[in-house]
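S.K.: The structure under discussion is supplied below as structure tokens; questions concerning it will follow.
The values are calculated or read from the model by the stated rules, or taken from the named source; none is laboratory data. Since this is a predicted model, take the numbers as computed values, not measurements. Using ideal geometry, Cβ is built from the backbone for each residue, glycine included, and neighbour counts are taken over all protein chains shown.
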Amino acid sequence: MIGRSERMCSAACLELMHAEMVSYFLSARETRESAQKEMERLGFRVGQKLAERYTKDYGRITEPMEVLRFIFSDFWPVVFSKPPDSLTTNNNSLYYIEDTDFRWTSKISVTSRTTLEDASYFLTFPCGIVKGAFAALDVDADVKADFQETPSRCLFTIIFKGKAIPTR
């Protein structure tokens with residue numbers, strides 16, 4: 001497991017940087033779609049670099065199921081400051097990671113349906129991070145996220161492309 005001593009940025013600093021980044025991209029781009037693509041692309045690059053850094057002592061992880069376990073057990077707790085609550089599957093290359101207290105979105109206040117839709121932009125960068133981590137480990141996956149009841153309760157959907165990951 002990746003040690004906490006390797007953490008180089010406080011959680012509060014990272015949450016503030018993430019909020020400012022979302023605000024910047026939404027105001028600096030012509031459309032919200034282009035802002036979302038840019039945030040995901042940036043998250044993808046960050047996820048690739050983090051996965052490369054965190055797996056340098058592991059050796060090469062080659063089995064897709066091992067990659068999924070690494071993301072769930074080792075990568076997620078370090079990057080997002082706590083382990084996710086559950087990992088489930090529909091046994092058809094579709095996996096769900098549930099985080100009932102996702103700290104990067106826990107401070108968002110939602111007062112109407114419109115703000116919940118706006119708040120979904122806060123999940124774009126984290127989805128890119130997870131997608132980039134999978135890509136760095138040679139697993140082609142698409143990652144989407146949705147809020148469940150409140151902004152701090154998130155469900156990340158991972159769709160594996162290409163060959164299916166066998167379930168055990």
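S.K.: Based on this model, can you work out whether ARG60 counts as surrounded by 15 or more Cβ atoms within 10 Å (Cβ to Cβ), at pLDDT below 90 and more than 17 Å from ARG103 (Cβ to Cβ)?
M.R.: Taking the combined requirement at face value, the residue does not satisfy it.
S.K.: Identify all residues within segment 126-156 that are assigned to a loop (DSSP other than H, G, I, E, B) and buried (at least 21 other Cβ atoms within 10 Å of the Cβ); write none if there are none.
M.R.: LEU137, VAL139 - these are the residues of segment 126-156 that are assigned to a loop (DSSP other than H, G, I, E, B) and buried (at least 21 other Cβ atoms within 10 Å of the Cβ).
S.K.: Any residue in segment 156-167 that's of a type in the set (D, E, K, R): show its pairings with residues that are at pLDDT 55 or above at Cβ separation under 7 Å, as long as the two are six or more apart or on different chains.
M.R.: Note: pairs meeting the criteria are LYS161/ASP140; LYS161/ALA141; LYS161/ASP142.
One line per residue, one yes/no per condition, for (1) free of Cβ contacts under 8 Å to residues at least 12 places away in the same chain; (2) out of contact with any Phe, Trp or Tyr (no Cβ under 6 Å at 6 or more places or on another chain); (3) not basic (Lys, Arg); (4) not in a helix (DSSP H, G or I):
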{"site": "ALA19", "(1), (2), (3), (4)": "no, yes, yes, no"}
{"site": "TYR24", "(1), (2), (3), (4)": "yes, yes, yes, no"}
{"site": "MET39", "(1), (2), (3), (4)": "no, no, yes, no"}
{"site": "ARG45", "(1), (2), (3), (4)": "no, yes, no, no"}
{"site": "LYS56", "(1), (2), (3), (4)": "yes, yes, no, yes"}
{"site": "LEU68", "(1), (2), (3), (4)": "no, yes, yes, no"}
{"site": "LYS82", "(1), (2), (3), (4)": "no, yes, no, yes"}
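S.K.: Residues that are under 12 Å from the mean Cα position of the chain (by Cα) and within 17 Å of LYS144 (Cα to Cα): does segment 55-68 have at least one?
M.R.: no
S.K.: A further question on this structure: Name, by its number, the condition in (1) buried (at least 19 other Cβ atoms within 10 Å of the Cβ); (2) touching a Leu at 6+ places or on another chain (Cβ under 9 Å) that does not hold for TRP76.
M.R.: (2)
S.K.: Still on this structure, please answer the following. Out of the residues in segment 21-57 that are among the basic types (Lys, Arg) and over 14 Å from PRO126 (Cβ atoms), which is surrounded by the fewest Cβ atoms within 10 Å (Cβ to Cβ)?
M.R.: Only one residue fits best here, namely LYS56.
S.K.: Given the condition surrounded by 21 or more Cβ atoms within 10 Å (Cβ to Cβ), modelled with pLDDT under 90 and among the β-branched types (Val, Ile, Thr), answer yes or no: does some residue in segment 100-107 qualify?
M.R.: yes
S.K.: Kindly evaluate THR31 against the criterion of being modelled with pLDDT of 80 or more, more than 17 Å from SER152 (Cα to Cα) and of a type in the set (Val, Ile, Thr).
M.R.: yes
S.K.: Identify, from the list SER81, SER152, the residue that is modelled with pLDDT under 90, touching a helix residue (DSSP H, G or I) at 6+ places or on another chain (Cβ under 9 Å) and more than 18 Å from PRO64 (Cα to Cα).
M.R.: Sole residue among the options that is modelled with pLDDT under 90, touching a helix residue (DSSP H, G or I) at 6+ places or on another chain (Cβ under 9 Å) and more than 18 Å from PRO64 (Cα to Cα): SER81.
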